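One structure is given below, encoded as C-alpha cells.
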Amino acid sequence: MMTGLFISELERTFKRKKTAAVLAVYAGLLAFIWFFFQRGGISFFDADHDVKIDSLNSAPLLLRDLSFVITFIVIPMFVADSFNGEYTSGALRMVLIRPHHRVKLFFVKWAVQCLLVFIILCITWLVGTCLGRMVMPHVNETTFLGGQTLGTVGALLYSLKFYGICFCIFIAVISIGSILSVLMPNSILSYVATIGALIGSVYVSDKLSFFFSVTDSVFHELSRPNSEFLVNLLFPILLISLIINLFVWKKKEWVG
C-alpha cells in the first residue's frame, strides 16, 4: 500500500507542467553558473571571504551560487503544488476517497519532496565534482573557510558533509513550507507565506539565519571544531515542524 501511494505521488508530481518547468529552469541556471565558474575562477565562502575555484572545492562553491534558487524558488513551488495545489484543484479529494491513512499520505508526499531535492543536490554535486576535476585548475589540496587545508580525500568528504547538512536544512524548509501550504487557501499564498517565513526567521533569531543564507551558514559551521548545529538546532526544528504537520494534516477537512 505504501509503495503504491509513493509511486502514485511520484507520477502526479512529474506529470505537473510546473515540475518540468522548474527543473528545466534549474538545469539552465546550473549550466549558466558553471559557464561563469570557468570564466571567472573566483567564488565566495561568504560575503567577506573570496576563494579561487579549483578541482577540489568546486562542488560546494557551485551549490553556494544555486542554494538561493533551491530555497526560495524550487522548494516553495514544489511544496505549494503538492500540499496546496492538489487540494484547491480537487485532485487530493480523489486520492482521499480511497481508504488511505492520512498520516501515510502525508509522509509519502513529504518523502517525494525530499527525494526531488535529493536528486537536484546529487546532480549539482556530480556536475561540480566531475567538471571541477576535468575543467578547473588541478590541485592536490585546497583550503576551506577557517583555514582547513584538505587533500583529495579530505576535500571529497568535506563536500559530501557540506551537501548532507544543506540537504537537512532543505528538509526543514520543506517541512515548514508544507505546514503553511496546508493552512493557506491557495497555492500562491502558500508560496508567498513560505518565502515570508524564511525571510522573517532572520528577524526572529540570528541562529535561524541558515534559512536565509544556507550555504554561508554551513561553511561557517564546518569551520568550527565540534559544531553541534545539527543536534542542538536543526534536528529539533525538523522534529517540531513534523509534529505540527501531522497535527494540522489530521485536523484539516480535506474532503468537506
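The values are calculated or read from the model by the stated rules, or taken from the named source; none is laboratory data. The model shown is predicted, which means the values in this text are computed figures rather than measured ones. Note that we place each Cβ from the backbone using ideal geometry, even for glycine, and neighbour counts take in every protein chain shown. With ligands, DNA and RNA removed, areas are computed over all heavy atoms of the protein, side chains included. Shrake-Rupley method; radii C 1.70, N 1.55, O 1.52, S 1.80 Å.
Things worth noting here:
- When I240, I244 are checked against the criterion of being free of Cβ contacts under 8 Å to residues at least 12 places away in the same chain and within 30 Å of H101 (Cα to Cα), I240 stands alone in meeting it.
- Checking F162, F170 one by one, the residue that is modelled with pLDDT of 95 or more and within 14 Å of M77 (Cα to Cα) is F170 and no other.
- In the stretch 111-123, the residues that are without any contact (Cβ under 8 Å) to a residue 12 or more places away in the chain and under 12 Å from S175 (Cα atoms) form no Cβ pair under 8 Å with any partner that is open to solvent by 30 Å² or more (accessible area, probe 1.4 Å) and of a type in the set (S, T, N, Q), whether six or more places apart or across chains.
- Any chance I120 is modelled with pLDDT of 95 or more and within 14 Å of V79 (Cβ to Cβ): yes
- So E221, is it charged (D, E, K, R), over 15 Å from the mean Cα position of the chain (by Cα) and within 30 Å of S55 (Cβ to Cβ): yes
- Looking only at the stretch 33-57, and only at residues there that are open to solvent by 80 Å² or more (accessible area, probe 1.4 Å) and farther than 24 Å from H138 by Cβ, the one that is modelled with the lowest pLDDT: A47
- Of the residues in the stretch 167-186, none is out of contact with any helix residue (DSSP H, G or I) (no Cβ under 7 Å at 6 or more places or on another chain) and more than 27 Å from V103 (Cβ to Cβ).
- Residue in the stretch 242-252 that is out of contact with any helix residue (DSSP H, G or I) (no Cβ under 9 Å at 6 or more places or on another chain), open to solvent by 20 Å² or more (accessible area, probe 1.4 Å) and modelled with pLDDT of 90 or more present: yes
- For first residues located in the stretch 196-217 and more than 19 Å from L238 (Cβ to Cβ), partners that are assigned to a helix (DSSP H, G or I) and lie 6+ apart or on another chain with Cβ distances below 9 Å form the pairs G196/L180; I199/F72; I199/F211; D216/R64; D216/S67; D216/S209; D216/F210.
- When P60 is tested against (1) open to solvent by less than 20 Å² (accessible area, probe 1.4 Å); (2) more than 21 Å from L160 (Cβ to Cβ), exactly one condition is not met: (2).
- The residues listed here are D65, D54, D50; of these, the one that is in contact with a Phe, Trp or Tyr (Cβ under 6 Å, 6 or more places away or on another chain) and of a type in the set (D, E, K, R) is D50.
- Only one of the numbered conditions (1) in a helix (DSSP H, G or I); (2) at pLDDT 90 or above; (3) surrounded by fewer than 19 Cβ atoms within 10 Å (Cβ to Cβ) is violated by T143, and that is (1).
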